[in-house]
Every structure is written in C-alpha cells, then in structure tokens.
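A short worksheet on the structure shown next.
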Amino acid sequence: MSTLAHKLELVNTGAMALRCPRCARELGNIDRATKAPERELQCDACFFRMQQVDGIWRALTPERERHFARFMTEYQIVRTSEGRGSEDSAFYLALPYEDLTGRNAAQWNIRARTFRYLQEEVPLIEPKSLQPLDILDIGAGNCWLSYRLALQGHRPVAVDLITNDTDGLGAAIHYRGKLPDLFPRFQTDADSMPFASSQFDCVIFNASFHYSEDYVATIAEAVRCVRNEGLVIIADTAWYSREESGEQMTVERQHMFNSRYGFPSNGLKSLEYLTDSRLDRLAQLFNLNWQVVAPYYGLRWALRPWVARLKGRREPSQFRIYFSEVRK
C-alpha cells in the first residue's frame, strides 16, 4: 500500500498510527474511539512499552520521565496552590468562558478571548469547517480546548505531561457524558511524541509553547506530525519586543516563586517567552510564514505598556496568536 493510500485509510477508519517515542520504530495503529480502558503496545526494536492506563496512553520513556520529574512535581504544587480544578463537572464544562470557582477568572477571560479569535481569524479551525480535522492539542492541561474542538466535530488528540484528574489529562472524564467518544489522551513531551508523521491537519500549542527547552526541536516535531499544508499554531505564549525584557521577567518570576513556594520553579530550562528574532529563526529553519493575530483583551490590558512606561517598569508581556502553513 502506498504511503498516501495508507494515510487515507487511517483517516477514513478513524485509526491513528503510533511510533516508538524512543527509537521511532512503528508501533501499529489504534482506534481513536476505543472504549477499552487499558491496552499496551511494545516496540520490537528497543522494547519500550507504551501502556494505556485509565484511558491515558503513557508515552514518556523512563529517561524522559526522569528528566521531567522535578518540573512535574513543582508544577502540580503551584497549580494546587493556585486553586486549579474542581470536583464539579460544571466547572470544566463552562471553560474557557467562565471560571465557576472564581479563583482564576482573569486568566480564563484571556483564554476565552484567545479561543474566540482562533475561531474567527484562523480559517482552518472555524466552527463551520466543512470537514472534521485531526488536531493535536499540545499542552492540553485539563483538556478544555480538545473538548471544545470535539464539540465542533473535529478529532482532537490531547497531549500533556500532567495526568491528574483536576488539572491534567485525567480531568477529561468530566467531558465524557457530553461526547459520543472521548478523544485520545497521551502523556508525552512535545519533543518526542509517539505519533507517526503527517497525521494531523493542525498542531496547537495552547499556552504551552514557552515550556519548551528547545524551540527548534519542538517545532521540528510539530512540523513532522502535521500534514502538508496543515497549520502550526502558537497561542498565549508571552511575547516581548526586547530579549532583555523577557530575561528580566524570567528572573522576577523565579524570585516570586522562590518567595511563595520555596523553589524558583526552574526544574526545566524553559525558554519562557517569544521575540521576533526567535520567531524569525524558526521561520527560516522550517520555511514558515508566521501570520500574527493580536486579540483585544480589554482596555486595561491594552493600557499596560503605557502604564509600565510611566512607572519606569519593564515592558509587560503581550499575547498574540501565531500561525503558519507547513509546506513539505
């Protein structure tokens, strides 16, 4: 069977082709809509075992799990302290438009506006798209974006490091009663994902790209996974006009975390922010043509740069949506 015919067969049958995240050897196909609570695939070359536990595919190799261990521990401490999540399904079903706990309403207001702009300004994922799309949601968190995309008839796949049932992939159980089939979920990192190449129409980094330790490696993996003429989207990652501003923000953030939690939250060497020069380098390396959308987050947000200038502070971050078609 030709490569193209194989890809069309996967789309038509709802199957998804997987590969070993350690050695890239083919692992086989899985049904996106499987109801089986647990499954296991083993690589014939390096013997890595990818297990499905509580509906989540565990695709972190032991080496990568050790690498991310400190980050995952500290991240969950911070998120718990911030009051993330709820025992009430209504909380998750209302996202991103309303935070029923009221604990992080300002941030969810930003996420809601970004989502609206994604639908209005990025043609591929308009609500009235003529056909369902295969969308990879990287940094899915509690999977609210995957849920919203599934409601629109798309076929999302949620990826994250965190699997707990309040703020991680496990929280998707709250969407189960609203969807015919719950979307696939994978615990994996963005630089070594367990998906065969060219399977997705769109890859979205939703408030997650800045966690990358190597933007080149992360975009390379996204480009590998997306189909020809598909999209790569980066949303809600801080942008600064000057590298120095981003560096200062990172130092301030680490001091704040150290004071509040007793650790600087630098378990990863995350790059933390974007600049035009960083985006330009990615565009040159991967033949991308970034389109930029600047959502309006309200007057107070719009005045932040002016207020900072008057008070002699560093420039505040800006959130934009960057998207580019991928040509292979």
- Query: How big is the charge dipole of the chain about its Cα centre, in debye rounded to the nearest 20, if each Lys and Arg gets +1 on its Cβ and each Asp and Glu gets -1 on its Cβ?
  - Reply: 440 debye
- Calculate, for the chain, the solvent-accessible area per residue in square angstrom, rolling a 1.4 angstrom probe over the heavy atoms of the protein chains. 48 Å²
- Under 14 Å Cα to Cα from residue 328, which aspartates and glutamates show up? Leave out anything in the same chain fewer than 8 places away. 201, 221, 229
- Cut-off 11 Å, label 7 Å out along Cα→Cβ of residue 67, residues of the range 168-210 by amide N: 189-193
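Please tell me the relative contact order of the range 254-327 in percent, rounded to the nearest whole number, where contacts are Cα pairs under 8 Å and at least six residues apart.
Relative CO of the range 254-327 lands at 28 percent.
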- Item | Label zone at residue 290 (point 7 Å along Cα-to-Cβ), backbone N below 17 Å, the range 215-244 | 215-223, 231-244
- Message: Given points 7 Å out from each Cα along the Cα-Cβ axis, report the residue 39 to residue 98 separation in nanometres with one decimal.
- Response: 3.7 nm
- Query: GNM, the chain, Cα, under 10 Å: largest mean-square fluctuation among 17, 294, 222?
  - Reply: 294
- At R0 = 30 Å, FRET efficiency that the Cβ-Cβ distance of residue 241 and residue 120 yields, to 0.05: 0.75
- Message: Let me make sure I get this right: for the range 21-74, a, b and c are the square roots of the gyration tensor eigenvalues over alpha carbons, sorted descending. Under 1.5 in a/c it's rounded, otherwise prolate if a/b > b/c, else oblate. Which is it?
- Response: oblate
- If contacts are Cα pairs under 8 angstrom and at least 6 residues apart, what is the relative contact order of the chain in percent? 15 percent
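Expressed in nm to one decimal, what extension gain is obtained for the pair residue 47 and residue 165 from 0.36 nm per residue of sequence separation less their Cα-Cα distance? Don't jump to the answer; show the numbers that get you there.
Working: separation 118, 0.36 × 118 = 42.48 nm, distance 2.91 nm.
That works out to 39.6 nm of additional length.
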- State the percentage of accessible surface on the chain attributable to carbon and sulfur atoms; use a 1.4 Å probe and exclude ligands, DNA and RNA. 49 percent
- Can you bin the range 90-193 into rounded, prolate or oblate? Criterion: square roots of the alpha carbon gyration tensor eigenvalues sorted a ≥ b ≥ c, rounded for a/c under 1.5, prolate for a/b above b/c, oblate for the rest. rounded
- Low-density loop cleavage sites - GluC sites (Glu not before Pro) in the range 72-105, where at most 11 other Cβ are within 10 Å (DSSP): 87
- Pull out the extension gain between residue 89 and residue 260, defined as 0.36 nm times the separation in residues minus the alpha carbon to alpha carbon distance; nm, one decimal. 58.6 nm
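The values are calculated or read from the model by the stated rules, or taken from the named source; none is laboratory data. Remember, predicted model here, so these are calculated numbers, not experimental data. Glycine gets a Cβ as well: all are built from the backbone with ideal geometry, and neighbour counts include every protein chain shown. Only protein heavy atoms, including side chains, enter the accessible area calculation; ligands, DNA and RNA are left aside. Shrake-Rupley method; radii C 1.70, N 1.55, O 1.52, S 1.80 Å.
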